[in-house]
Amino acid sequence: EILILFPPRIVRLSLMGLVLIWIAFMSILTRNRIEVWTNSNTLWSDYINKFPSHYLGYLSRGSDFAKRGDYDLAMADLNRAAKYDPFVPEVFEDRGNVFAITKEYEKAIADYSWVLKFNPHKPAILFNRGIAKWLIDDRQGACTDLKSSSEMGYSKAEEKHNSLCKTD
């Protein structure tokens, strides 16, 4: 009924005006967020500033640090993520990977084992734990993990198992 009171031209112009205002508003918001979207580090740092007690920002930024080879910073963030939510397997998986890269194999094995306790059907984790066990001379444990991973269809594990665990 209210639309009948206004000529169609005025209604069209009003709607076009609202659309233009909405576009301008969204453009300003986008412009303000561009700095945050520069890279993953700035994105996740912004997230952490807004939600300092949530694990996700620390996990994601820690993973980013690890990919760039900043293992001390990665470990600090992954430890914070574990502190804020100690029941997220991805935190311990990523932290285990950082431990393995930094040659702290016993700690890597502990984190991988924690993940596998809650989800034993992760062939990549079994593979990683098997390699870590091999590197601390737990040959039997390594071969068991590599075989299990291989049986789950993880082809890298089959290759490693065949090359490391040959029985004569």
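The values are calculated or read from the model by the stated rules, or taken from the named source; none is laboratory data. Keep in mind that what you see is a predicted model, and the values were worked out from it rather than measured. Neighbour counts are summed over all protein chains in view; Cβ atoms, including those assigned to glycine, are modelled from backbone coordinates with ideal geometry. Quick note on the areas: whole protein, heavy atoms, side chains included, nothing else; ligands and nucleic acids left out. Shrake-Rupley method; radii C 1.70, N 1.55, O 1.52, S 1.80 Å.
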| task | Determine ³J(HN,Hα), in whole Hz, for all residues of the stretch 115-127 in sequence, where each value follows from phi through the Karplus function 6.51 cos²θ - 1.76 cosθ + 1.60 and θ = phi - 60°; x replaces Gly and Pro. | result | 4, 5, 4, 8, 8, x, 9, 10, x, 5, 5, 4, 4
| request: Enter the angle in degrees (range 0 to 90, nearest 10) between the Cα long axis of helix 155-164 and the first principal axis of the Cα atoms of the chain, meaning the one along which they spread out most. | output: 20
| Roughly what angle does helix 40-50 make with the longest principal axis of the chain, taking Cα atoms, 0 to 90 degrees, to the nearest 10? | 70
| note | Residue separation between Gln140 and Ser163 times 0.36 nm, minus their alpha-carbon distance, gives in nm 6.9 nm
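Give, rounded to the nearest 20 debye, the magnitude of the charge dipole that the chain has about its Cα centre when Lys and Arg contribute +1 at Cβ and Asp and Glu contribute -1 at Cβ.
Values: 22 positive and 21 negative charges, 96 e Å.
It comes to approximately 460 debye.
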| said: As a test of reading the structure, rank Arg33, Arg68 by solvent-accessible area (1.4 Å probe, protein chains only), most first. | reply: Arg68, Arg33
| task | Would you please classify the overall shape of the stretch 122-168 from the alpha carbon gyration tensor, given that a ≥ b ≥ c denote the square roots of the eigenvalues, rounded means a/c under 1.5, and beyond that prolate means a/b larger than b/c while oblate covers the rest? | result | oblate
| field | Options Tyr71, Val11, Val91, ranked by Cα towards positive dipole end of the stretch 1-92, top entry (Cβ charges) | value | Val11
| note | Computed over the chain: longest principal axis from alpha-carbon atoms vs helix 89-101 long axis, angle to nearest 10 degrees, is 50
| query | Where does each of His161, His54, His121 land when they are ordered by accessible area, with a 1.4 Å probe and the largest first? | reply | His121, His54, His161
| request: Name the most mobile residue of Asn79, Asn97, Asn32, meaning the one with the largest mean-square fluctuation, in a Gaussian network model of the chain with Cα contacts below 10 Å. | output: Asn32
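Leaving ligands, DNA and RNA out of it, report the carbon-plus-sulfur percent of the accessible area of the chain at a 1.4 Å probe.
Details: 6560 of 11090 Å².
It is 59 percent, rounded to a whole number.
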| message | With a 10 Å cut-off between alpha carbons and a GNM built on the chain, which of Thr30, Thr102, Thr42 moves the most? | response | Thr30
| request: Using the heavy atoms of the protein chains and a 1.4 angstrom probe, tell me the accessible area per residue for the stretch 9-103 in square angstrom. | output: 66
| message | For Cα pairs less than 8 Å apart in space and 6+ apart in sequence, what is the mean separation divided by the residue count of the stretch 34-99, i.e. the relative contact order in percent? | response | 26
| For the stretch 87-168, with only Lys/Arg (+1) and Asp/Glu (-1) charged at the beta-carbon, what is the dipole magnitude about the Cα centre, in debye rounded to 20? | 40
